[in-house]
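The values are calculated or read from the model by the stated rules, or taken from the named source; none is laboratory data. Everything numeric here is computed off the predicted structure, so don't read it as measured data. Methodologically, a virtual Cβ is constructed for each residue, glycine included, from the backbone with ideal geometry; neighbour enumeration extends over all protein chains shown. Heads up: the accessible areas ignore ligands, DNA and RNA and are worked out on the full protein's heavy atoms, side chains in. Shrake-Rupley method; radii C 1.70, N 1.55, O 1.52, S 1.80 Å.
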2 protein chains.
Amino acid sequence: MAAERSGGGDPARTLALLWRTPPEPKAVGRKPKVSVDQIVAAAIAVADREGLGAMSMARVAQELSVGTMSLYTHVPGKAELIDLMADTVLQERDLTPDGTWRERIKHYADRTRAVYQAHPWMRDVSMVRPPLGPGLMDGQEFVLAALADSGLEPRQVTIAHVAVEGFVHGAAASEVDDRQLEVVTGESGDSWWGSRQLFWDDYFDVERYPTMTSLWNAGAYDIEGTLADSVRKSFDYGLEKLLDGIEGGMR
Amino acid sequence: MAAERSGGGDPARTLALLWRTPPEPKAVGRKPKVSVDQIVAAAIAVADREGLGAMSMARVAQELSVGTMSLYTHVPGKAELIDLMADTVLQERDLTPDGTWRERIKHYADRTRAVYQAHPWMRDVSMVRPPLGPGLMDGQEFVLAALADSGLEPRQVTIAHVAVEGFVHGAAASEVDDRQLEVVTGESGDSWWGSRQLFWDDYFDVERYPTMTSLWNAGAYDIEGTLADSVRKSFDYGLEKLLDGIEGGMR
DNA sequence: TATTGTTTCCGTATGGCCTACGGAAATGGG
DNA sequence: CCCATTTCCGTAGGCCATACGGAAACAATA
């Protein structure tokens, strides 16, 4: 599966949907059976339960007891629907601007990770050219405000912003991958790592990979706790170090 | 499009393919018209030219003047083929272990980015649970060796490794997104940012986004050079800062 | 009430995709 | 020449998005 992205559809239409431009109450004509919000909610529900791969237009329509083609009256197509889904769940972050700038960015990272945990399919949505809706924009404002408070020059703020945003979304996406695979294949994430065993047994070459070998012998891979904890720890560390670096760059 | 990943197919079979376990030369039977390598090469060629979305089994077979179903004799399925493609292009990195540990990681990042630039469809391949082939493993050994030389404790090396690897692949994927969108939609990447204009014109709210407004007024968004240069600069900065942080964490 | 204009609903059809199945074709050894 | 073995691949089934066009519902109007 390749990363989902909004197609080349009319950007004006997509933006109007993202910002829920007043539905222009029609005084005439047949009453709608479903609303955009219902469609988005149903799509999110399906994706939450069965993964983005199962989120077909037919499946969403079924969820709403509506004909498949009815959806196209309210939404231009599947790509735009995914944009709407992503922006909607990003709005769940509910960011509160308390503490130091570092604490606020940590808060942002945690809230974003929570979104990915609650909606694992976010892993499959490209966040590089994200939907320009309120969910995304509010998050960007939050991070920019925190970085601006750090004392960085304006130009540096924008550069640091890209680095932080990329890291946070990447981290959140990685963290979720275990769970996601579990949903799709019915196999536990950790058991995938179990199948890694096969590699170590049959293909690992001590001569070719001396560093891995010595790290292994040094016990560096004896993880305590679950794999998920371990991955999370790595990314907390990574964020801390990134922020350390950004902070140090100010001097 | 959701991120492509190898299915739940037999891991042993996939590993054997990734490491090209001796094809067990058959003395009997019909001669193969195509080899695994040819299939992988054709698939890469198609994806390079037309994107991963265009890389269908039928399209690859056509490229080789072979029936679609013939491919399944050599490759278990599409998911496994994508794994093979990814590991193959990662082998192009040709990593040379020169310089300080920081220089080597920078080198690794650059080579990895080059792979993404040459094969933009890599953006659509999940690198969180990557194919355990030589291309990937050699890269991991390289990064681990560099980090081990930095003076970090073994346990710290493995954690830093995850952070670096995540950052590099995330950065490379982001950088490539402009180009990728161009291929898929026939629209220039920068013109997508042009359509961003619509957002600023019709939906941007100065009250809601004060930091963005003041950054804008401070000229922080007056980028020189192309967008691609600008994105690249951001990630060079991010990597530097991450490495600064990792280095600082040793004290 | 009947008509008309407007809007939504949705059945059908097209063209794409992956891949299971099973038979046809090729090949080299006996 | 036969035949076991291997590869090739046509057919078909089951998904998918969505273009098209007509049916259905509704409000205002006649």
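Classified by the C-alpha gyration tensor, region A:53-163 has a prolate form. Its axis ratio a/c, with a ≥ b ≥ c, is 1.5 or above, and a/b is larger than b/c.
Of the accessible area of region B:11-89, computed with a 1.4 Å probe over protein heavy atoms only, carbon and sulfur atoms account for 58 percent.
Buried accessible surface for the B/A chain pair comes to about 6900 Å², total over both chains, computed with a 1.4 Å probe. Shielding by partners for peptide B:212-218, expressed as the average number of C-beta atoms from other protein chains within 10 Å of each residue's C-beta, is 4.
The mean number of Cβ atoms from other chains found within 10 Å of a Cβ in peptide B:162-173 is 6, as a whole number.
Would you work out if chain B is rounded, prolate or oblate? Take a ≥ b ≥ c from the square roots of the eigenvalues of the alpha-carbon gyration tensor; rounded if a/c is under 1.5, else prolate when a/b is larger than b/c, oblate otherwise. Oblate, because a/c is 1.5 or more while a/b does not exceed b/c. Within 10 Å of the Cβ of each residue in B:154-160, the mean number of Cβ atoms contributed by other protein chains is 6. Per-residue accessible area (protein heavy atoms, 1.4 Å probe) orders B:K106, B:K78 as B:K78, B:K106, starting from the largest.
Please give the Cα centre distance for region A:6-82 versus region B:122-160, rounded to the nearest Å. The two parts, judged by their Cα centres, are 41 Å apart.
Once a ≥ b ≥ c are taken as the square roots of the eigenvalues of the Cα gyration tensor of region B:11-89, is the result rounded (a/c under 1.5), prolate (a/b larger than b/c) or oblate (a/b not larger than b/c)? Verdict is oblate for region B:11-89.
The angle separating the long axis of helix B:154-185 from the principal Cα axis of greatest extent in chain B is about 90 degrees. Accessible area per residue for the protein assembly as shown, computed on protein heavy atoms with a 1.4 Å probe, is 44 Å². Shape annotation for the protein assembly as shown: C-alpha extents along the principal axes are 78, 59, 44 Å, from largest to smallest.
Descending by average beta-carbon neighbour count within 10 Å, the peptides B:84-94, A:49-59 line up as B:84-94, A:49-59, the highest first.
Remark on region A:222-251: accessible area falls by at least 50 square angstrom from chain-alone to full-complex state for A:S234, A:Y237, A:K241, probe 1.4 angstrom. For region B:89-136, heavy-atom accessible area (probe 1.4 Å) falls by no less than 40 Å² from the chain alone to the full protein assembly at B:R123, B:V128, B:R129, B:L132.
Counting lysine pairs in chain A that sit 8 or more residues apart in sequence, or on different chains, and whose Cα atoms lie under 25 Å apart gives 6.
Ignoring ligands, DNA and RNA, what percent of the 1.4 Å accessible area of region A:96-248 is carbon and sulfur? Could you put the intermediate results ahead of the total?
Values: 3020 of 5980 Å².
The C+S portion of the solvent-accessible surface of region A:96-248 is 51 percent.
Under a 5 Å amide H cut-off, with hydrogens placed 1.01 Å from N, A:G77 pairs with nothing among residues at least 5 apart or on other chains. Note that region B:54-64 has calculated 3J(HN,Hα) couplings of 8, 7, 9, 4, 4, 5, 5, 4, 4, 3, 9 Hz, one per residue in order, obtained from phi through the Karplus relation 6.51 cos²θ - 1.76 cosθ + 1.60 (θ = phi - 60°); glycine and proline are x.
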